[in-house]
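Colleague: One structure, as structure tokens, below. Some questions next.
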Amino acid sequence: MAYKAQRCIRFSPAPFRKRWYEVAYSPIIPLCNVVIAFLVYPGWRTVRVRWEPEISLLIDFLRDQTRPVICYGWHVYELLSWLTYKIFPQELMPIAIAHDGFLSRVLHRPSSWYGFPVWVYRRKSSVRPKEQLIEFMRNEHPIIGLFADAGGPDGQVRQGLVDLAQATESWMVPMAARTSPSLALGSRQRYYIPLPFSTVTSFHGKPIDARGITRQQCQAALENLESSIEMSYGKSLNGRTDR
């Protein structure tokens with residue numbers, strides 16, 4: 001694998017222009033970074049982390065890959081992922097993909113503080129985000145930590161994510177998590193923060209070869225993983241009401 005993880009934040013080199021409101025809210029971003037980091041820190045120091053199946057199975061798979069790997073799941077698991085991946089080997093640490101909007105920037109710096117390298121694409125650019133991502137993945141062959149459904153809290157895998165995986169001949173690994181006890185933040189788009197001394201369990205599904213995959217198959221793989229977890233662990237954390 002060509003990419004070696006580093007704790008840093010990098011931005012796409014694509015040309016872009018800042019809007020006036022982006023300049024206006026920039027001063028409060030550092031404060032928001034500190035608040036988020038502060039909320040997660042007690043759990044990060046004291047939480048017990050488990051993986052199902054065993055984490056060694058996923059690590060062995062990742063070590064053998066020469067193609068990019070995309071770990072995908074729902075937005076609600078993003079903060080939990082900072083804890084579940086803390087026991088990963090540093091050279092295999094997934095890179096968090098983010099955009100340069102306000103809500104994403106609130107999480108950039110804490111992600112790097114908790115061990116994730118971050119790569120940020122430009123939303124307001126003459127180069128489409130998908131093209132920026134394809135170039136990045138082809139150049140660096142990273143393990144991607146896409147802990148989001150690439151578009152919102154509606155529980156739908158986005159076609160753009162599938163197109164990206166196909167264009168880069170990636171592997172896709174569905175991911176989910178459970179924690180108890182936890183604190184929920186947000187309403188429409190929720191995030192879960194584990195409380196001190198809680199247990200976080202991270203689940204990974206069978207890797208999928210994205211060559212020839214469909215959006216429906218990616219959706220089904222993630223929903224099947226969620227369903228199997230719910231049968232054993234109860235209520236889903238993804239905040240949807242369609243189940």
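Colleague: For F197, all conditions in the list (1) among the aromatic types (F, W, Y); (2) in contact with a strand residue (DSSP E or B) (Cβ under 7 Å, 6 or more places away or on another chain); (3) farther than 15 Å from M175 by Cα; (4) at pLDDT 90 or above hold save one; what is the number of the exception?
Modeller: So the condition that F197 fails would be (2).
Colleague: Something else now. Under the condition of being outside any helix (DSSP H, G or I) and out of contact with any helix residue (DSSP H, G or I) (no Cβ under 6 Å at 6 or more places or on another chain), which residue from the range 90-114 is farthest from L161 (Cα to Cα)? Full working, then the answer.
Modeller: To start, the set of residues in the range 90-114 that are outside any helix (DSSP H, G or I) comprises 93-101, 114.
Adding the requirement that they be out of contact with any helix residue (DSSP H, G or I) (no Cβ under 6 Å at 6 or more places or on another chain) leaves 93-95, 97, 99-101.
Working: M93: 20, P94: 16, I95: 15, I97: 12, H99: 14, D100: 18, G101: 18 Å.
Ranking the candidates gives M93 first.
Colleague: Picking from S180, S187, which residue would you name as being at pLDDT below 90 and not in a loop (DSSP other than H, G, I, E, B)?
Modeller: Of S180, S187, the one residue that is at pLDDT below 90 and not in a loop (DSSP other than H, G, I, E, B) is S180.
Colleague: Output the number of residues of the range 23-41 satisfying the condition of being over 22 Å from K124 (Cβ atoms) and among the aliphatic types (A, V, I, L, M).
Modeller: 7
Colleague: Go through (1) more than 29 Å from L185 (Cα to Cα); (2) in contact with a helix residue (DSSP H, G or I) (Cβ under 8 Å, 6 or more places away or on another chain) and name the single condition R67 misses.
Modeller: All conditions are met except number (2).
Colleague: Scanning the range 19-31 for residues that are at pLDDT below 95 and out of contact with any Lys or Arg (no Cβ under 8 Å at 6 or more places or on another chain), which turns out surrounded by the most Cβ atoms within 10 Å (Cβ to Cβ)?
Modeller: E22
Colleague: Take the range 128-174 and flag every residue that is at pLDDT 90 or above and among the aromatic types (F, W, Y).
Modeller: Across the range 128-174, the qualifying residues are F136, W171.
Colleague: Quick check, is W113 under 20 Å from P207 (Cα atoms), among the aromatic types (F, W, Y), touching a residue at least 24 places away in the same chain (Cβ under 8 Å) and out of contact with any Phe, Trp or Tyr (no Cβ under 7 Å at 6 or more places or on another chain)?
Modeller: When the stated conditions are applied, W113 does not pass them.
Colleague: Looking only at residues that are surrounded by 15 or more Cβ atoms within 10 Å (Cβ to Cβ), under 18 Å from the mean Cα position of the chain (by Cα) and at pLDDT below 90 in the range 1-18, which one is nearest to S182 (Cα to Cα)?
Modeller: Step one: list which residues in the range 1-18 are surrounded by 15 or more Cβ atoms within 10 Å (Cβ to Cβ), which gives 1, 3, 5, 9, 11-12, 14, 16.
From what is left, the residues that are under 18 Å from the mean Cα position of the chain (by Cα) are 3, 5, 9, 11-12.
With the extra rule that they be at pLDDT below 90, the set shrinks to 3, 5.
Details: Y3: 33, A5: 29 Å.
Checked the range 1-18; the qualifying residue nearest to S182 (Cα to Cα) is A5.
Colleague: A further question on this structure: I'd like the full set of residues that are assigned to a loop (DSSP other than H, G, I, E, B), under 21 Å from L195 (Cα atoms) and either of a type in the set (S, T, N, Q) or within 18 Å of the chain's Cα centre (by Cα) (or both), limited to the range 36-87.
Modeller: First pass over the range 36-87, keeping only residues assigned to a loop (DSSP other than H, G, I, E, B): 47, 53-54, 64-68, 73-74.
Now restrict to residues that are under 21 Å from L195 (Cα atoms): 47, 74.
Listed by number, the list holds a single entry, W74.
Colleague: Being crowded, with 22+ Cβ neighbours inside 10 Å and either polar (S, T, N, Q) or touching a strand residue (DSSP E or B) at 6+ places or on another chain (Cβ under 6 Å) (or both) is the requirement here; does L39 meet it?
Modeller: no
The values are calculated or read from the model by the stated rules, or taken from the named source; none is laboratory data. The structure presented is a predicted model; accordingly, all values stated were derived computationally and were not measured. Here Cβ is always computed from backbone atoms with ideal geometry, including for glycine, and neighbour counts include all displayed protein chains.
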